[in-house]
(Lines give C-alpha, C1' and ligand atoms only; values in the text may rest on other atoms or scores of the structure.)
Protein backbone atom coordinates (compact mmCIF):
# COMPACT_ATOMS: atom_id res chain seq x y z
CA UNK A 1 0.00 0.00 0.00
CA UNK A 2 1.48 3.33 -1.06
CA UNK A 3 1.15 6.47 1.12
CA UNK A 4 -0.22 9.59 -0.48
CA UNK A 5 2.14 12.56 -0.47
CA UNK A 6 -0.61 15.09 -1.15
CA UNK A 7 -0.85 17.86 1.47
CA UNK A 8 -3.87 18.05 3.77
CA UNK A 9 -6.87 19.96 2.55
CA UNK A 10 -6.77 23.68 3.37
CA UNK A 11 -9.76 25.97 3.69
CA UNK A 12 -8.22 28.38 1.17
CA UNK A 13 -8.09 27.92 -2.61
CA UNK A 14 -4.83 26.96 -4.27
CA UNK A 15 -2.38 29.66 -5.20
CA UNK A 16 -2.14 31.17 -8.64
CA UNK A 17 1.04 33.22 -8.05
CA UNK A 18 4.34 31.36 -8.55
CA UNK A 19 6.81 34.11 -7.55
CA UNK A 20 7.69 34.62 -3.88
CA UNK A 21 8.22 38.37 -4.23
CA UNK A 22 4.96 38.80 -6.12
CA UNK A 23 3.19 36.72 -3.45
CA UNK A 24 4.48 39.00 -0.68
CA UNK A 25 3.56 42.06 -2.71
CA UNK A 26 0.05 40.67 -3.07
CA UNK A 27 -0.20 40.10 0.71
CA UNK A 28 1.05 43.63 1.46
CA UNK A 29 -1.60 45.02 -0.86
CA UNK A 30 -4.32 43.32 1.20
CA UNK A 31 -3.14 44.90 4.48
CA UNK A 32 -3.74 48.45 5.67
CA UNK A 33 -2.68 50.58 8.61
CA UNK A 34 -5.15 50.88 11.47
CA UNK A 35 -6.15 54.19 12.99
CA UNK A 36 -4.64 55.55 16.20
CA UNK A 37 -7.73 54.78 18.31
CA UNK A 38 -7.97 51.23 17.02
CA UNK A 39 -4.26 50.67 17.69
CA UNK A 40 -4.63 52.04 21.22
CA UNK A 41 -7.48 49.58 21.96
CA UNK A 42 -5.58 46.59 20.57
CA UNK A 43 -4.12 44.21 23.19
CA UNK A 44 -0.46 43.47 23.83
CA UNK A 45 0.91 40.03 23.22
CA UNK A 46 1.01 37.74 26.26
CA UNK A 47 2.36 34.20 25.76
CA UNK A 48 -0.11 31.30 26.04
CA UNK A 49 -3.14 33.61 26.36
CA UNK A 50 -6.13 33.05 24.05
CA UNK A 51 -6.96 35.91 21.72
CA UNK A 52 -10.63 36.93 21.99
CA UNK A 53 -12.88 38.78 19.55
CA UNK A 54 -16.06 40.37 20.91
CA UNK A 55 -15.47 38.54 24.19
CA UNK A 56 -15.26 35.07 22.61
CA UNK A 57 -12.26 33.01 21.49
CA UNK A 58 -11.64 32.49 17.79
CA UNK A 59 -11.85 29.24 15.88
CA UNK A 60 -8.27 28.06 15.66
CA UNK A 61 -6.92 27.56 12.16
CA UNK A 62 -5.71 24.13 11.14
CA UNK A 63 -2.14 23.12 10.35
CA UNK A 64 -3.07 23.04 6.66
CA UNK A 65 -4.12 26.68 6.82
CA UNK A 66 -0.73 27.62 8.33
CA UNK A 67 1.01 25.62 5.61
CA UNK A 68 -1.07 27.45 3.00
CA UNK A 69 0.40 30.78 4.28
CA UNK A 70 3.96 29.84 5.23
CA UNK A 71 4.55 26.93 2.79
CA UNK A 72 2.58 27.95 -0.31
CA UNK A 73 4.61 25.62 -2.56
CA UNK A 74 2.54 22.72 -1.18
CA UNK A 75 -0.56 24.30 -2.73
CA UNK A 76 0.70 25.39 -6.10
CA UNK A 77 2.39 28.59 -4.89
CA UNK A 78 6.02 29.75 -4.73
CA UNK A 79 8.71 28.32 -2.46
CA UNK A 80 9.44 30.90 0.23
CA UNK A 81 12.82 31.62 1.78
CA UNK A 82 13.61 32.54 5.36
CA UNK A 83 13.24 36.31 4.94
CA UNK A 84 9.88 35.81 3.18
CA UNK A 85 8.50 33.78 6.10
CA UNK A 86 9.95 36.33 8.56
CA UNK A 87 7.94 39.11 6.89
CA UNK A 88 4.76 37.00 6.94
CA UNK A 89 5.24 36.37 10.67
CA UNK A 90 5.51 40.12 11.32
CA UNK A 91 2.44 40.83 9.19
CA UNK A 92 0.43 38.26 11.19
CA UNK A 93 1.62 39.60 14.56
CA UNK A 94 1.08 43.25 13.58
CA UNK A 95 -2.53 42.44 12.64
CA UNK A 96 -3.41 41.23 16.18
CA UNK A 97 -1.17 42.91 18.79
CA UNK A 98 0.06 46.48 19.13
CA UNK A 99 3.15 45.21 20.93
CA UNK A 100 4.77 41.82 20.55
CA UNK A 101 8.12 40.02 20.53
CA UNK A 102 8.02 38.29 17.17
CA UNK A 103 10.91 40.30 15.74
CA UNK A 104 13.23 37.56 17.07
CA UNK A 105 13.05 33.80 16.92
CA UNK A 106 12.36 31.28 14.17
CA UNK A 107 9.27 30.93 12.01
CA UNK A 108 8.40 27.55 13.60
CA UNK A 109 8.42 29.11 17.09
CA UNK A 110 6.18 31.93 15.86
CA UNK A 111 3.70 29.46 14.33
CA UNK A 112 3.54 27.52 17.62
CA UNK A 113 2.87 30.80 19.48
CA UNK A 114 0.11 31.68 17.00
CA UNK A 115 -1.53 28.29 17.55
CA UNK A 116 -1.39 28.65 21.34
CA UNK A 117 -2.94 32.13 21.06
CA UNK A 118 -5.75 30.76 18.88
CA UNK A 119 -5.53 33.36 16.11
CA UNK A 120 -6.85 32.96 12.58
CA UNK A 121 -4.47 32.68 9.63
CA UNK A 122 -4.42 35.68 7.26
CA UNK A 123 -7.06 37.86 8.97
CA UNK A 124 -6.78 40.43 6.16
CA UNK A 125 -8.72 38.03 3.89
CA UNK A 126 -11.88 38.83 5.90
CA UNK A 127 -12.86 35.22 6.77
CA UNK A 128 -14.05 36.44 10.21
CA UNK A 129 -16.31 39.52 9.91
CA UNK A 130 -15.09 42.55 11.89
CA UNK A 131 -11.88 40.88 13.04
CA UNK A 132 -9.38 42.68 10.85
CA UNK A 133 -9.37 46.46 11.20
CA UNK A 134 -5.81 47.11 10.03
CA UNK A 135 -2.24 46.59 11.17
CA UNK A 136 -2.41 47.74 14.80
CA UNK A 137 1.36 47.56 15.42
CA UNK A 138 3.28 50.35 13.69
CA UNK A 139 6.91 49.82 12.72
CA UNK A 140 7.58 53.55 13.06
CA UNK A 141 6.49 53.54 16.72
CA UNK A 142 9.21 51.07 17.69
CA UNK A 143 12.16 53.53 17.48
CA UNK A 144 10.05 56.17 19.24
CA UNK A 145 9.32 53.80 22.14
CA UNK A 146 13.01 52.85 22.27
CA UNK A 147 14.09 56.48 22.43
CA UNK A 148 11.50 57.22 25.11
CA UNK A 149 12.80 54.29 27.17
CA UNK A 150 16.37 55.49 26.74
CA UNK A 151 15.45 58.98 27.89
CA UNK A 152 13.67 57.57 30.92
CA UNK A 153 16.64 55.35 31.79
CA UNK A 154 19.06 58.27 31.35
CA UNK A 155 16.98 60.43 33.68
CA UNK A 156 16.93 57.64 36.28
CA UNK A 157 20.70 57.12 36.07
CA UNK A 158 21.30 60.86 36.29
CA UNK A 159 19.14 61.10 39.41
CA UNK A 160 20.93 58.14 41.01
CA UNK A 161 24.35 59.60 40.18
CA UNK A 162 23.37 62.99 41.60
CA UNK A 163 22.24 61.34 44.83
CA UNK A 164 25.54 59.44 45.13
CA UNK A 165 27.50 62.63 44.46
CA UNK A 166 25.56 64.45 47.17
CA UNK A 167 26.22 61.66 49.68
CA UNK A 168 29.83 61.12 48.60
CA UNK A 169 29.17 57.40 48.24
CA UNK A 170 31.54 56.00 45.60
CA UNK A 171 31.77 52.43 46.87
CA UNK A 172 32.03 49.84 44.14
CA UNK A 173 33.10 52.37 41.49
CA UNK A 174 36.35 52.35 39.57
CA UNK A 175 39.40 54.05 41.10
CA UNK A 176 41.36 54.47 37.86
CA UNK A 177 42.85 57.83 36.93
CA UNK A 178 40.25 58.43 34.19
CA UNK A 179 37.33 57.48 36.44
CA UNK A 180 38.47 59.77 39.27
CA UNK A 181 39.00 62.58 36.75
CA UNK A 182 35.38 62.33 35.55
CA UNK A 183 34.21 62.06 39.16
CA UNK A 184 35.98 65.30 40.09
CA UNK A 185 34.47 67.02 37.05
CA UNK A 186 30.98 65.93 38.10
CA UNK A 187 31.60 67.04 41.69
CA UNK A 188 32.42 70.57 40.56
CA UNK A 189 29.49 70.61 38.12
CA UNK A 190 27.12 69.41 40.87
CA UNK A 191 28.31 72.17 43.18
CA UNK A 192 27.70 74.76 40.45
CA UNK A 193 24.25 73.27 39.71
CA UNK A 194 23.26 73.48 43.37
CA UNK A 195 24.42 77.08 43.49
CA UNK A 196 22.45 77.98 40.36
CA UNK A 197 19.47 75.85 41.50
CA UNK A 198 19.30 73.88 38.25
CA UNK A 199 19.39 70.20 37.39
CA UNK A 200 22.63 68.26 37.29
CA UNK A 201 24.16 68.69 33.80
CA UNK A 202 25.08 65.74 31.62
CA UNK A 203 28.62 65.00 30.50
CA UNK A 204 27.85 66.43 27.06
CA UNK A 205 26.56 69.68 28.58
CA UNK A 206 29.70 70.00 30.70
CA UNK A 207 31.93 69.54 27.65
CA UNK A 208 29.95 72.14 25.69
CA UNK A 209 30.36 74.84 28.36
CA UNK A 210 33.28 74.00 30.70
CA UNK A 211 33.73 77.63 31.76
CA UNK A 212 30.28 77.62 33.33
CA UNK A 213 30.08 74.12 34.80
CA UNK A 214 33.70 73.83 36.00
CA UNK A 215 33.61 77.24 37.73
CA UNK A 216 36.65 78.47 35.82
CA UNK A 217 36.29 82.15 36.70
CA UNK A 218 36.24 81.44 40.45
CA UNK A 219 38.95 78.75 40.48
CA UNK A 220 41.53 80.14 38.07
CA UNK A 221 44.68 81.69 39.56
CA UNK A 222 47.13 84.16 38.08
CA UNK A 223 50.30 82.07 38.43
CA UNK A 224 51.30 78.43 38.52
CA UNK A 225 51.90 77.25 42.08
CA UNK A 226 54.93 75.18 41.05
CA UNK A 227 57.00 77.34 38.70
CA UNK A 228 55.40 80.67 39.69
CA UNK A 229 55.03 81.71 36.05
CA UNK A 230 52.03 83.55 34.74
CA UNK A 231 49.53 81.59 32.68
CA UNK A 232 49.65 82.43 28.97
CA UNK A 233 52.30 84.78 27.68
CA UNK A 234 55.00 83.51 25.31
CA UNK A 235 54.73 79.88 26.38
CA UNK A 236 51.07 79.41 25.58
CA UNK A 237 51.43 75.68 24.98
CA UNK A 238 53.21 74.85 28.25
CA UNK A 239 51.77 77.64 30.37
CA UNK A 240 48.10 76.81 29.92
CA UNK A 241 46.15 76.29 33.12
CA UNK A 242 45.14 72.71 33.85
CA UNK A 243 41.46 73.02 34.79
CA UNK A 244 41.20 69.61 36.46
CA UNK A 245 44.38 68.33 38.07
CA UNK A 246 44.15 65.39 40.45
CA UNK A 247 46.66 63.13 42.13
CA UNK A 248 47.86 59.89 40.63
CA UNK A 249 49.12 57.31 43.09
CA UNK A 250 49.98 57.67 46.74
CA UNK A 251 47.69 58.17 49.74
CA UNK A 252 45.75 60.99 48.04
CA UNK A 253 45.21 59.29 44.69
CA UNK A 254 42.21 60.64 42.78
CA UNK A 255 41.81 63.78 44.92
CA UNK A 256 41.59 67.19 43.29
CA UNK A 257 44.65 69.45 43.68
CA UNK A 258 43.86 72.77 45.30
CA UNK A 259 46.84 74.66 43.85
CA UNK A 260 46.73 75.89 40.24
CA UNK A 261 49.11 74.22 37.84
CA UNK A 262 50.30 74.73 34.24
CA UNK A 263 50.64 72.04 31.59
CA UNK A 264 54.45 71.93 31.78
CA UNK A 265 54.56 71.34 35.53
CA UNK A 266 51.66 68.90 35.34
CA UNK A 267 53.58 66.76 32.86
CA UNK A 268 56.98 67.06 34.57
CA UNK A 269 57.49 68.06 38.19
CA UNK A 270 54.04 67.21 39.61
CA UNK A 271 53.95 63.89 37.79
CA UNK A 272 57.33 63.01 39.27
CA UNK A 273 56.13 64.16 42.71
CA UNK A 274 53.07 61.92 42.42
CA UNK A 275 55.28 59.00 41.41
CA UNK A 276 57.54 59.63 44.43
CA UNK A 277 54.52 59.84 46.71
CA UNK A 278 53.14 56.59 45.33
CA UNK A 279 56.49 54.85 45.80
CA UNK A 280 56.80 56.02 49.41
CA UNK A 281 53.20 55.10 50.10
CA UNK A 282 53.64 51.60 48.67
CA UNK A 283 56.77 51.18 50.76
CA UNK A 284 54.83 52.10 53.89
CA UNK A 285 56.65 55.37 54.52
CA UNK A 286 54.89 58.46 55.80
CA UNK A 287 54.56 61.26 53.27
CA UNK A 288 52.82 64.33 54.56
CA UNK A 289 52.41 67.95 53.47
CA UNK A 290 55.76 68.98 54.96
CA UNK A 291 57.59 66.31 52.95
CA UNK A 292 55.76 67.39 49.80
CA UNK A 293 56.77 71.04 50.34
CA UNK A 294 60.39 70.07 50.99
CA UNK A 295 60.49 67.94 47.84
CA UNK A 296 58.94 70.75 45.79
CA UNK A 297 61.47 73.30 47.09
CA UNK A 298 64.34 70.91 46.36
CA UNK A 299 63.10 70.40 42.81
CA UNK A 300 62.84 74.14 42.27
CA UNK A 301 66.39 74.75 43.56
CA UNK A 302 67.66 71.92 41.36
CA UNK A 303 66.15 73.77 38.36
CA UNK A 304 67.70 77.05 39.54
CA UNK A 305 64.45 78.57 40.74
CA UNK A 306 62.82 79.42 44.00
CA UNK A 307 64.03 81.37 46.99
CA UNK A 308 67.73 80.92 47.99
CA UNK A 309 68.22 78.47 50.82
CA UNK A 310 71.66 77.50 52.11
CA UNK A 311 70.62 74.02 53.22
CA UNK A 312 68.83 73.28 49.95
CA UNK A 313 71.75 74.65 47.94
CA UNK A 314 74.17 72.32 49.77
CA UNK A 315 71.79 69.42 49.20
CA UNK A 316 71.53 70.20 45.46
CA UNK A 317 75.32 70.52 45.18
CA UNK A 318 75.79 67.15 46.89
CA UNK A 319 73.27 65.56 44.50
CA UNK A 320 75.06 67.03 41.46
CA UNK A 321 78.43 65.79 42.70
CA UNK A 322 77.00 62.35 43.41
CA UNK A 323 75.51 62.22 39.92
CA UNK A 324 78.96 62.91 38.42
CA UNK A 325 80.69 60.19 40.43
CA UNK A 326 78.13 57.41 40.21
CA UNK A 327 78.56 55.35 37.04
CA UNK A 328 76.83 52.45 35.42
CA UNK A 329 79.42 50.44 33.45
CA UNK A 330 76.93 48.58 31.30
CA UNK A 331 75.02 51.73 30.40
CA UNK A 332 78.23 53.72 29.81
CA UNK A 333 79.60 51.09 27.42
CA UNK A 334 76.33 50.90 25.55
CA UNK A 335 76.18 54.69 25.26
CA UNK A 336 79.80 54.92 24.07
CA UNK A 337 79.22 52.28 21.40
CA UNK A 338 76.16 54.17 20.19
CA UNK A 339 77.99 57.51 20.04
CA UNK A 340 81.21 56.29 18.39
CA UNK A 341 79.94 56.12 14.77
CA UNK A 342 78.32 59.55 15.11
CA UNK A 343 81.55 61.10 16.39
CA UNK A 344 83.63 59.56 13.60
CA UNK A 345 81.18 60.72 10.96
CA UNK A 346 81.08 64.20 12.48
CA UNK A 347 84.90 64.48 12.42
CA UNK A 348 85.05 63.31 8.80
CA UNK A 349 82.35 65.70 7.67
CA UNK A 350 83.68 68.77 9.48
CA UNK A 351 87.39 68.33 8.69
CA UNK A 352 88.78 70.95 6.25
CA UNK A 353 90.60 69.79 3.12
CA UNK A 354 94.35 70.59 3.19
CA UNK A 355 96.14 70.43 -0.24
CA UNK A 356 99.59 69.98 1.33
CA UNK A 357 98.37 67.08 3.42
CA UNK A 358 96.61 65.62 0.40
CA UNK A 359 99.82 65.80 -1.70
CA UNK A 360 101.91 64.19 1.05
CA UNK A 361 99.43 61.38 1.48
CA UNK A 362 100.60 58.04 -0.01
CA UNK A 363 99.18 57.41 -3.45
CA UNK A 364 97.64 54.09 -4.29
CA UNK A 365 99.05 52.04 -7.18
CA UNK A 366 97.33 52.72 -10.53
CA UNK A 367 94.98 50.12 -11.87
CA UNK A 368 96.48 48.31 -14.94
CA UNK A 369 93.10 48.17 -16.57
CA UNK A 370 93.02 51.97 -16.61
CA UNK A 371 96.26 52.09 -18.59
CA UNK A 372 94.99 49.54 -21.11
CA UNK A 373 91.77 51.50 -21.66
CA UNK A 374 93.78 54.71 -22.20
CA UNK A 375 95.99 52.92 -24.80
CA UNK A 376 92.96 51.68 -26.70
CA UNK A 377 91.42 55.14 -26.82
CA UNK A 378 94.70 56.63 -28.13
CA UNK A 379 94.95 53.98 -30.86
CA UNK A 380 91.38 54.52 -31.93
CA UNK A 381 91.75 58.29 -32.11
CA UNK A 382 95.08 58.08 -33.99
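Residue 24: in a helix (DSSP H, G or I), out of contact with any strand residue (DSSP E or B) (no Cβ under 9 Å at 6 or more places or on another chain) and within 22 Å of residue 136 (Cβ to Cβ), yes or no? Outline the logic, then answer.
Numbers: in a helix (DSSP H, G or I): yes; out of contact with any strand residue (DSSP E or B) (no Cβ under 9 Å at 6 or more places or on another chain): yes; within 22 Å of residue 136 (Cβ to Cβ): yes.
Criteria met by residue 24.
If we scan the range 58-73, do we find a residue that is in contact (Cβ under 8 Å) with a residue 40 or more places away in the chain and under 39 Å from the mean Cα position of the chain (by Cα)?
Within the range 58-73 (the criterion being in contact (Cβ under 8 Å) with a residue 40 or more places away in the chain and under 39 Å from the mean Cα position of the chain (by Cα)), the answer is no, since none of the residues qualifies.
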Report task. Starting from the range 204-232, take each residue that is free of Cβ contacts under 8 Å to residues at least 60 places away in the same chain and on the phi > 0 side of the Ramachandran plot and list its partners that are in a helix (DSSP H, G or I) and surrounded by 12 or more Cβ atoms within 10 Å (Cβ to Cβ), counting only C-beta distances under 7 angstrom and pairs at least six apart or across chains. Result -> 215/188; 215/192
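Would you be able to say whether some residue in the range 55-68 is assigned to a loop (DSSP other than H, G, I, E, B) and within 19 Å of residue 25 (Cα to Cα)?
Pass one, the range 55-68, residues assigned to a loop (DSSP other than H, G, I, E, B): 55, 58-62.
Next, only the ones that are within 19 Å of residue 25 (Cα to Cα) stay: none.
No; the residues of the range 55-68 include none that is assigned to a loop (DSSP other than H, G, I, E, B) and within 19 Å of residue 25 (Cα to Cα).
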Requested in this report: Determine if the range 123-145 includes at least one residue that is under 14 Å from residue 66 (Cα atoms), without any contact (Cβ under 8 Å) to a residue 40 or more places away in the chain and surrounded by 12 or more Cβ atoms within 10 Å (Cβ to Cβ).
Outcome: yes
Requested in this report: Would you check which residues across the range 247-275 are crowded, with 16+ Cβ neighbours inside 10 Å, touching a helix residue (DSSP H, G or I) at 6+ places or on another chain (Cβ under 8 Å) and in a helix (DSSP H, G or I) and list them?
Outcome: 269, 273
Query raised in the report: Mind checking whether some residue in the range 98-120 is in contact with a strand residue (DSSP E or B) (Cβ under 7 Å, 6 or more places away or on another chain), surrounded by 14 or more Cβ atoms within 10 Å (Cβ to Cβ) and assigned to a loop (DSSP other than H, G, I, E, B)?
Result: yes
Query raised in the report: Of all helices (runs of 4 or more DSSP H) completely enclosed by the range 124-241, which ones contain at least 2 residues that are under 30 Å from residue 91 (Cα atoms) and modelled with pLDDT under 80?
Result: 141-167
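The values are calculated or read from the model by the stated rules, or taken from the named source; none is laboratory data. Source: prediction; values computed, not measured. Note that we place each Cβ from the backbone using ideal geometry, even for glycine, and neighbour counts take in every protein chain shown.
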